[in-house]
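Participant: Here it is, the structure in full.
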Amino acid sequence: MPLGRRKFLGSSVATGAGAALIGTAAAAPSAAAAVPAYGGGARRYAFTVMGTTDLHGNVFNWDYAADAEFDDKDHNDVGLAKISTLVRQVRKEKGARNTLLIDAGDTIQGTQLAYYYAKVDPITGPNGPEHPMAKAMNAIGYDAAALGNHEFNYGLAVLRKFEESCDFPLLGANAVDAKSLRPAFPPYCMKRLHTPCGREVKVAVLGLTNPGVAIWDKAHVQGKLAFPGLEEQAAKWVPRLRSMGADVVIVSAHSGTSGTSSYGDQLPYVENAAALVAERVPGIDAILVGHAHVEVPERRVVNRETGREVVLSEPLKWGQRLTLFDFELVRSRGRWSVESVAAKVLNSRTVPEDARITRLLRTEQRKVVAYVNQVIGRSKAEMTAAEAPYKDTPVLDFIAFVQAEAVRKALAGGEHAKLPVLSQASCFSRSAAVPEGEVTIRSMAALYPFDNTLEARILTGKQVREYLEFSARYYTQTSAGGPVDPAGLTNAEGIPDYNYDAVSGVSYEIDIAKEPGRRIAKLSFEGKPVADDARFVLAVNNYRASGGGNFPHVAKAPQVWSTSEEIRNVIIGWVKETGEIDGTTFASVDWRLTRDGVPVF
């Protein structure tokens, strides 16, 4: 299906800024009668919009890495099967015709279930299966979903096939054709709710995705799609929706509320712009927020032009929470207006899985569980990531070693073959572990859960030092002499674990008693200080190489090799070929934390 026309744009309306009507218009379900106390009378009407975000391929309350039911320190549950139970309860309470259900993106990447149907048994193959997330969301009855940045991870073919499988539109007002700048996906949908008094309420849902797609998935979208800023596109579309008769405007935005960006000045658009949209674009009643993976039950932002409050809510990731926006409308002078909006979240831990959903995807689940439990080799010793954020541990050395081996092999015989190869690795999960004995695909998936691919970039010695200095911001400044609490040592400035890189191939110290920017000491290669003009090849994941985390130099450094194979699969292939993981071949302490030169550990 070409970029210019989509099934949810209507049978004869193409995408484009000049089109008279872009989006969808459909009646709400009418099978369930409204609960008498809900809905309203001749001049009042109440309805609820339910919202999820960052589902990341979670249907079941299942941890594929642990091969067990999901559990975390807060004993949360995950998955669409749990969400379905909550949705059915809300529809029963409010009346199905008085509810809508939307999502704020990041749907088709994140679990081995999602990976299996993108790569192992891809939905794009001949007679390919229906994507399990589409199957579940269709069964639950979603009305619309915004595009998340991770929707683009597997390329446009997978995304378009997923889109075709959905009985609801995937919205992205700021995902536009790179040449024509016309919408490549429906910007909005218009839903009509039928009130007891017979006067319908028109609810517009505007979808906005994250501009960072242009950086993070450059290989898939460059020259094909462009991603303008959220504020810019909301300012363009919200007035149109109002002029088309929308009584209520809701934005589903895959963008956090902090006003910050992880990509620095690489883009002129803010990554986490939801609160800015609420503040600066008049005419919005509520925003379903995504992307940040935090729980925000309700936040109110005053629009600086109208003085009206806009209600924002972000439910916790993976189906752990369901947002409820409760709207109360009043009819006056022939039209509806929003009298009040309140938001809250429901906890999916409080309900059982919906057996209708688990039965629907039982076959898919069995296939994926069997796949991830395949034995691919053995490990001579257990390797755990528990201390990896603040100690040079074998488990990160293993990732870096396999990446460096792959790059050396790829560069052999070429003009860069004699350059020393360094390798970066991050701790994606502190609970990840490679067990002693049999090693399975799921243990590698826990070790490297992201679908990053591998690249090789050339950096100078000076650039390596500055790269390491930037990474070392991750540590809290801690004066010498006193005790050190590992729990408070990391994640300074809110930097997540995945945005801290350890680099193998050189040795160095990180002096956490010093302020950021002056922490790297004794940087050496093969026992000699690293010269500023020395040249190295850095084995680096594509997220970092494309600017993710805003690390210096690497995004503009010369690329000398890349592969479309996921790093996780490179590691799996290495284990299959070698048969055994032996830490004595790659584990060494090349970096350590110090305070005024004295090792912390």
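Participant: Out of all DSSP beta bridges in the chain, what portion is antiparallel? Express it as a percent rounded to 5.
Facilitator: Taking every DSSP beta bridge within the chain, about 65 percent pair in antiparallel fashion.
Participant: Using a probe of 1.4 angstrom, how much of the accessible area of the chain is carbon and sulfur, in percent?
Facilitator: 50 percent
Participant: Ok, one more. Please state, to two decimals, what the Cα-based radius of gyration of the stretch 186-234 comes to when divided by 2.2 N^0.38 Å (N = residues). Walk me through the numbers on the way to the answer.
Facilitator: Numbers: Rg = 16.7 Å, N = 49, 2.2 N^0.38 = 9.7 Å.
The reported ratio for this selection is 1.73.
Participant: Hey, another quick one. Excluding same-chain residues fewer than 8 positions from Lys528, which lysines have a Cα within less than 16 Å of its Cα?
Facilitator: Lys462
Participant: Going out from 0 in 5 Å bins, what whole percent of all Cα-Cα distances in the stretch 297-393 drops into each bin?
Facilitator: With a bin width of 5 Å, the distribution comes to 2, 9, 9, 10, 11, 10, 11, 11, 8, 6, 5, 3, 2, 1, 0, 0.
Participant: Only Cα pairs under 8 Å and at least 6 apart count here; give the relative contact order of the stretch 152-210 as a rounded whole percent.
Facilitator: RCO, the stretch 152-210: 29 percent.
Participant: Using a 1.4 angstrom probe on the protein heavy atoms only, line up Lys522, Lys317, Lys191, Lys218 by accessible area, largest first.
Facilitator: Of Lys522, Lys317, Lys191, Lys218, the descending order of accessible area is Lys522, Lys218, Lys317, Lys191.
Participant: At q = 0.14 Å⁻¹, what base-10 log of I(q)/I(0) does the Debye formula yield for the stretch 253-333 when every alpha carbon is treated as an equal point scatterer in vacuo?
Facilitator: Evaluating at q = 0.14 Å⁻¹ gives log10 I(q)/I(0) of -0.51.
Participant: How far apart, in nm, are two points set 7 Å out from the Cα along the Cα-to-Cβ line at Asp72 and at Lys92?
Facilitator: It works out to 2.8 nm between the two label points.
Participant: Roughly how many Å is it from the Cα centre of the stretch 53-101 to that of the stretch 159-207, as a whole number?
Facilitator: Computed from Cα coordinates, the inter-centre distance equals 23 Å.
Participant: What accessible area per residue comes out for the chain, rounded to a whole number of Å², with a 1.4 Å probe?
Facilitator: So the chain comes to 39 Å² accessible per residue, rounded to a whole number.
Participant: Could you calculate the FRET efficiency of Glu164 with Lys367 from 1/(1 + (r/R0)^6), where r is the beta carbon distance between them and R0 is 22 Å, rounded to 0.05?
Facilitator: 0.50
Participant: A follow-up question, please. For the chain, what is the per residue volume of the convex hull drawn over the alpha-carbon atoms, in cubic angstrom?
Facilitator: 163 Å³
Participant: Here is a further query. Using a cut-off of 26 Å between alpha-carbon atoms, which lysines can reach Lys92, once sequence neighbours fewer than 8 places away in the same chain are excluded?
Facilitator: Leaving aside lysines fewer than 8 places away in the same chain, those within reach of Lys92 are Lys82, Lys135, Lys191, Lys202, Lys317, Lys344.
Participant: Where the Cα atoms of the stretch 38-181 are projected onto their three principal axes, how long is each span, largest first, in whole Å?
Facilitator: 53, 48, 29
Participant: Leaving ligands, DNA and RNA out of it, rank Ser504, Ser431, Ser337, Ser379 by accessible area with a 1.4 Å probe, largest first.
Facilitator: Reading off the accessible areas and sorting them downward yields Ser431, Ser337, Ser504, Ser379.
Participant: Ok, one more. Whole-Hz Karplus ³J(HN,Hα) for the stretch 47-52, in order, using 6.51 cos²θ - 1.76 cosθ + 1.60 and θ = phi - 60°, x for Gly and Pro?
Facilitator: 8, 10, 10, 9, x, 10
Participant: Something else about it: Measure of size requested: the Rg and Dmax of the stretch 457-601, with Cα atoms as the atom set and Å as the unit; please supply both.
Facilitator: Calculated on Cα positions, Rg and Dmax stand at 16.5, 48 Å.
Participant: Kindly provide the helix-only [θ] at 222 nm of the chain, computed as the sum of -39,500 (n - 2.57) over DSSP H runs of four or more divided by all residues, to the nearest 500 deg cm²/dmol?
Facilitator: Taken over the chain, the calculation gives -6500 deg cm²/dmol.
Participant: So what's the gap between the Cα centers of the stretch 344-403 and the stretch 578-601, to the nearest angstrom?
Facilitator: If you average the Cα positions of each part, the centres end up 25 Å apart.
Participant: Oh, and also: Heavy atoms only, probe 1.4 angstrom, no DNA, RNA or ligands counted: give me Asp167, Asp77 ranked by accessible area, highest first.
Facilitator: So, going from the largest accessible area down, we get Asp167, Asp77.
Participant: Here's a follow-up. For Cα pairs less than 8 Å apart in space and 6+ apart in sequence, what is the mean separation divided by the residue count of the stretch 230-290, i.e. the relative contact order in percent?
Facilitator: 45 percent
Participant: Give a quick list of GluC sites (Glu not before Pro) in the stretch 526-601 that DSSP marks as loop, anything other than H, G, I, E or B, with at most 10 other Cβ atoms within 10 Å. Mind showing how you got there, number by number?
Facilitator: Details: sites: Glu526, Glu565, Glu566, Glu577, Glu580; in loops: Glu526.
Qualifying residues, ordered by number: Glu526.
The values are calculated or read from the model by the stated rules, or taken from the named source; none is laboratory data. Source: prediction; values computed, not measured. Because the Cβ atoms are built from the backbone with ideal geometry, glycine has one as well, and the counts that use them run over all protein chains shown. SASA here: full protein model, heavy atoms, side chains in, ligands and nucleic acids out. Shrake-Rupley method; radii C 1.70, N 1.55, O 1.52, S 1.80 Å.
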